[in-house]
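Take a look at the following structure, please.
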Amino acid sequence: DRNKVWGYLINDAALLQYGLQENLGTADTPTTQENTIYRAGIDLSHSARASGHVKFTSATTARGSSETCFALARVTDDPQECFGKPPRELIDRLKEVLKTDKEPRWYYW
């Protein structure tokens, strides 16, 4: 069975735009773009007071594309890599910060 993560897919372009608006970095080079995207993700998870629970990873969608994911839980064959679902209030705070009413979903990791 494949490894799975439970969370929200995050569009890298939207993270970059957010990071630029919040002056978290630049988009001058591919490296600075990646750093800005990473800082934007950290900023959003801090805003939701979820930084200790959210893991940034890639996830594979049902269509086979790879996307950035705010993972809230992970199931793998390796118990060291697994982590469980966070409390409901954290999910609700993250939904508010991400401006979504959708619940987290399972994706392949």
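The values are calculated or read from the model by the stated rules, or taken from the named source; none is laboratory data. These figures come from a predicted structure and were not determined experimentally. For neighbour counting, all protein chains shown are included, and Cβ atoms are generated from backbone atoms with ideal geometry for every residue, glycine included. When the accessible area is computed, the model is the full protein with side chains, heavy atoms only, and any ligands, DNA or RNA have been set aside. Shrake-Rupley method; radii C 1.70, N 1.55, O 1.52, S 1.80 Å.
Of the heavy-atom accessible surface of the chain (probe 1.4 angstrom), what whole percent is carbon and sulfur?
Carbon plus sulfur share of accessible area: 46 percent.
Another question, if that's okay. Keeping every protein chain present and rolling a 1.4 Å probe, give me the accessible area per residue for region 14-109 in Å².
Here the residues of region 14-109 average 63 Å² of exposed surface.
Let me ask something additional. So how tilted is helix 88-98 from the main axis of the chain? Cα-based, degrees 0 to 90, rounded to 10.
30
Tell me, Kirkwood radius of region 1-59 from alpha-carbon pair distances, in Å?
12.1 Å is the Kirkwood radius here.
Which net charge results for the neighbourhood of GLY19, defined as the other residues with beta-carbon distances under 11 angstrom from its beta-carbon, given Lys and Arg at +1 and Asp and Glu at -1?
Value of the local net charge: -3.
Of (i) 14.0, 42; (ii) 21.0, 71; (iii) 18.5, 57, which is the value of Rg and Dmax of the Cα atoms in Å derived from the coordinates here?
Among (i) 14.0, 42; (ii) 21.0, 71; (iii) 18.5, 57, the one calculated here is (i).
I've got another one for you. Taking the chain as the reference, fit the longest principal axis to its C-alpha atoms, fit the long axis of helix 30-47 to the helix C-alpha atoms, and give the angle between the two in degrees, 0 to 90, nearest 10.
60
I've got another one for you. So, R0 is 41 Å and r is the distance between the beta-carbons of CYS82 and THR31; what FRET efficiency does that work out to, to 0.05? Don't skip to the answer; put the middle values down first.
Details: r = 32 Å, r/R0 = 0.77.
Rounded to the nearest 0.05, the efficiency is 0.85.
Here is a follow-up. Report the label-to-label distance for GLN17 and GLU96 in nanometres (one decimal), using points 7 Å from each Cα along the Cα→Cβ vector.
Once both label points are built, they end up 2.4 nm from each other.
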